[in-house]
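The values are calculated or read from the model by the stated rules, or taken from the named source; none is laboratory data. Computed from a predicted model, the values in this text were never measured in an experiment. Here the Cβ is made from the backbone with ideal geometry for all residues, glycine too, and neighbour counts use every protein chain on show.
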């Protein structure tokens, strides 16, 4: 499925640097490189999982892709239309194509608006519907996400987290988007509710032919929903591969470490599994290390890693990674793959 | 709220009713606010309709019956020139309330506008907040003095002496009292702007104008309401102080503040003359505060229905 389709979203060398101001005059003393050169294709109809630890810039990528931020560098094209430099007024016409589902369902709904008002907001902005038409559409959307129609005139605080997330999903669906950025949509929910929401997202994807960029730090949930998975570390993508291949045979040492941290339900496996424990902290994105971003914590670091930044290369068809272990620079190391059998049962 | 009705009929649900009914329902549950509304309405009616019904003119001096106590002819008594105090209270109330409400409106509108614009548009934040600091640092009374000196004649000629002074005083109070509202509102807007529902609205493509009216303003309503209700009290009292200093309305023109200050000299002989306008001011301020309190609760859906 992943190889067949055409890319709906094409991101090239995306950079988002937030300036740091300090001092009496607020001079610019540096910048936080939240996203520092990300290239991705998201294929129509697929779910691309974007994983990484807190602060690695995955949410920033999500927000940049639908241009909630004015990006520093790079290009973003959605459905063939370049949106990287377009000003917000002209962007308005393209907004219906791309929508976003937010992490915190308590913060993403205006507490002073009714459910009908919240779901109807995109309709107000982009379509000229009569009152009845709008209400009919709102009811239709509420049906689609499994909310009772009688809830239309209630306020967000009257709902549970899962229901609120459904309201947020209905709002994102209102304009029939092609592409939805799901920014940790399940992170703030109970485990029992998480599955419901993920299943709802999958059903909706099938029904409306949606493409998702699914941002999460929950590796098992991403494994469940995503077709391809991209792993981010400190503003860069370190590995991108099909779900099965990435989980079975992670190429990048960071992915290996990340996967070894996923809890294993079988205690027998858990006991014999080798954990890769990373030492130290993530370096500051305001002052990333020289060479490879991961070189300060990598268990298999080489001299070259501290000097030269590895390129993001296709090491085998459909599988990309940025690591000297797999690049042309260290071909011989690339041969002897680490035995990952211990890592993934 | 009418849960039974809505869930009984699965389809053809009644269209969502206007939220103003919910607001009214909640407002009615606030006893203090209802009492405040009743008292404020009574005062308003008294000062607006009263002068039409009451036979005495507030400026008519009847020297034979000066310093009279409470009686049927003069229920609130008379002052040292024999002017009927009830008539003066009603006439003064009209002016005081008009000044208070207009000045409050001006100050709240100005403060909210500047606060929202400064909070929402980063580029304007610096200049607008420095302007606010500038106004906060200005000494109020000398500024008012200069304003009165400069504009009193021109405005009196243009609109007549009383309307001219009214405009002058309202403007003077309005533009010297908006700063606190502006600062509070700016702070709230700065916090709101980073909330996810504002981001969600941006991702929908809502332009800044509607973003402010739909998402920002309703959520900064509480501090604005508090500012507004306190503003009325403040404006009435500032007007009194101005009249006292001779910068406000002419001496024979009654306002509550004027009556109060006129009577202070004879506080020990005729305490009722101080107490009556004092009580009128306090009652107005208190009732407005309670109305504001009730409104603020009623406008917040999280409190509504409790």
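Odds and ends about this structure:
- Just one residue in the set B:237, B:165 is surrounded by 23 or more Cβ atoms within 10 Å (Cβ to Cβ) and modelled with pLDDT under 85; that residue is B:165.
- In the set (1) within 14 Å of chain A (Cβ to nearest Cβ); (2) under 30 Å from residue B:143 (Cα atoms), residue B:227 fails one condition alone, (1).
- Exactly one residue out of B:136, B:144 is farther than 25 Å from residue A:113 by Cβ, buried (at least 18 other Cβ atoms within 10 Å of the Cβ) and more than 19 Å from the chain's Cα centre (by Cα): that is B:144.
- Considering segment A:92-105, and only residues there that are buried (at least 21 other Cβ atoms within 10 Å of the Cβ) and more than 8 Å from chain B (Cβ to nearest Cβ), the residue that is farthest from residue B:216 (Cα to Cα) turns out to be A:101.
Rundown of residues vs (1) at the interface with another protein chain (Cβ under 9 Å from one of its Cβ atoms); (2) in contact with a helix residue (DSSP H, G or I) (Cβ under 9 Å, 6 or more places away or on another chain); (3) at pLDDT 55 or above, yes/no style:
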{"site": "B:2", "(1), (2), (3)": "no, no, no"}
{"site": "B:6", "(1), (2), (3)": "yes, yes, no"}
{"site": "B:16", "(1), (2), (3)": "yes, yes, yes"}
{"site": "B:19", "(1), (2), (3)": "yes, yes, yes"}
{"site": "B:22", "(1), (2), (3)": "yes, yes, yes"}
{"site": "B:27", "(1), (2), (3)": "no, yes, yes"}
{"site": "B:33", "(1), (2), (3)": "no, yes, yes"}
{"site": "B:36", "(1), (2), (3)": "no, yes, yes"}
{"site": "B:40", "(1), (2), (3)": "no, yes, yes"}
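- Residue within segment A:252-269 that is surrounded by 17 or more Cβ atoms within 10 Å (Cβ to Cβ), in contact with a strand residue (DSSP E or B) (Cβ under 8 Å, 6 or more places away or on another chain), part of a loop (DSSP other than H, G, I, E, B) and in contact (Cβ under 8 Å) with a residue 24 or more places away in the chain present: yes
- Of all the numbered requirements in (1) over 10 Å from residue B:115 (Cβ atoms); (2) surrounded by fewer than 20 Cβ atoms within 10 Å (Cβ to Cβ); (3) in contact with a helix residue (DSSP H, G or I) (Cβ under 8 Å, 6 or more places away or on another chain); (4) at pLDDT 85 or above, residue B:222 misses one, and that requirement is (4).
The rows are residues; the columns are (1) within 14 Å of chain B (Cβ to nearest Cβ); (2) in contact with a strand residue (DSSP E or B) (Cβ under 6 Å, 6 or more places away or on another chain); (3) not in a helix (DSSP H, G or I).
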residue: A:188; (1), (2), (3): yes, no, yes
residue: A:193; (1), (2), (3): no, no, no
residue: A:199; (1), (2), (3): no, no, no
residue: A:203; (1), (2), (3): no, no, no
residue: A:213; (1), (2), (3): yes, yes, yes
residue: A:221; (1), (2), (3): no, no, no
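Let's see how each residue does on (1) assigned to a helix (DSSP H, G or I); (2) at positive phi:
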| position | (1), (2) |
| --- | --- |
| B:35 | yes, no |
| B:40 | yes, no |
| B:44 | yes, no |
| B:71 | no, no |
| B:74 | no, no |
| B:82 | no, yes |
| B:118 | yes, no |
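- Count of residues meeting criterion [free of Cβ contacts under 8 Å to residues at least 24 places away in the same chain and over 17 Å from residue B:46 (Cα atoms)] in segment B:270-301: 3
- Check on residue B:246, surrounded by 23 or more Cβ atoms within 10 Å (Cβ to Cβ) and away from chain A (no Cβ under 14 Å): no
- Tally of residues being without any contact (Cβ under 8 Å) to a residue 40 or more places away in the chain and touching a helix residue (DSSP H, G or I) at 6+ places or on another chain (Cβ under 6 Å) across segment A:277-303: 4
Residues are listed down the side, and each one gets a yes or a no for (1) surrounded by 18 or more Cβ atoms within 10 Å (Cβ to Cβ); (2) more than 26 Å from residue B:212 (Cβ to Cβ):
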| residue | (1), (2) |
| --- | --- |
| A:110 | yes, no |
| A:114 | yes, no |
| A:117 | yes, no |
| A:128 | no, no |
| A:147 | yes, yes |
| A:154 | yes, no |
| A:157 | no, no |
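- Unmet criterion (only one of (1) under 19 Å from the mean Cα position of the chain (by Cα); (2) within 10 Å of chain B (Cβ to nearest Cβ); (3) assigned to a loop (DSSP other than H, G, I, E, B)) for residue A:175: (1)
- The sole residue among A:153, A:63 that is out of contact with any strand residue (DSSP E or B) (no Cβ under 6 Å at 6 or more places or on another chain), touching a residue at least 12 places away in the same chain (Cβ under 8 Å) and within 30 Å of residue A:256 (Cβ to Cβ) is A:63.
- Matching residues in segment B:168-200 - criterion: being buried (at least 23 other Cβ atoms within 10 Å of the Cβ) and facing another protein chain (nearest Cβ under 7 Å): B:197, B:200
- Criterion: within 9 Å of chain B (Cβ to nearest Cβ) and either under 22 Å from residue A:213 (Cα atoms) or within 21 Å of the chain's Cα centre (by Cα) (or both) - qualifying residue of A:84, A:75, A:108: A:108
- Those residues of segment B:208-224 which are more than 22 Å from the chain's Cα centre (by Cα) and within 7 Å of chain A (Cβ to nearest Cβ), in sequence order: B:215
- Residue match in segment B:248-267 (condition: under 13 Å from the mean Cα position of the chain (by Cα) and assigned to a helix (DSSP H, G or I)): no
- Among the residues making up segment A:116-150, those that are at the interface with chain B (Cβ under 9 Å from one of its Cβ atoms) and either touching a strand residue (DSSP E or B) at 6+ places or on another chain (Cβ under 7 Å) or closer than 29 Å to residue B:191 by Cα (or both) are A:116, A:117, A:118, A:121, A:122, A:124, A:125, A:126.
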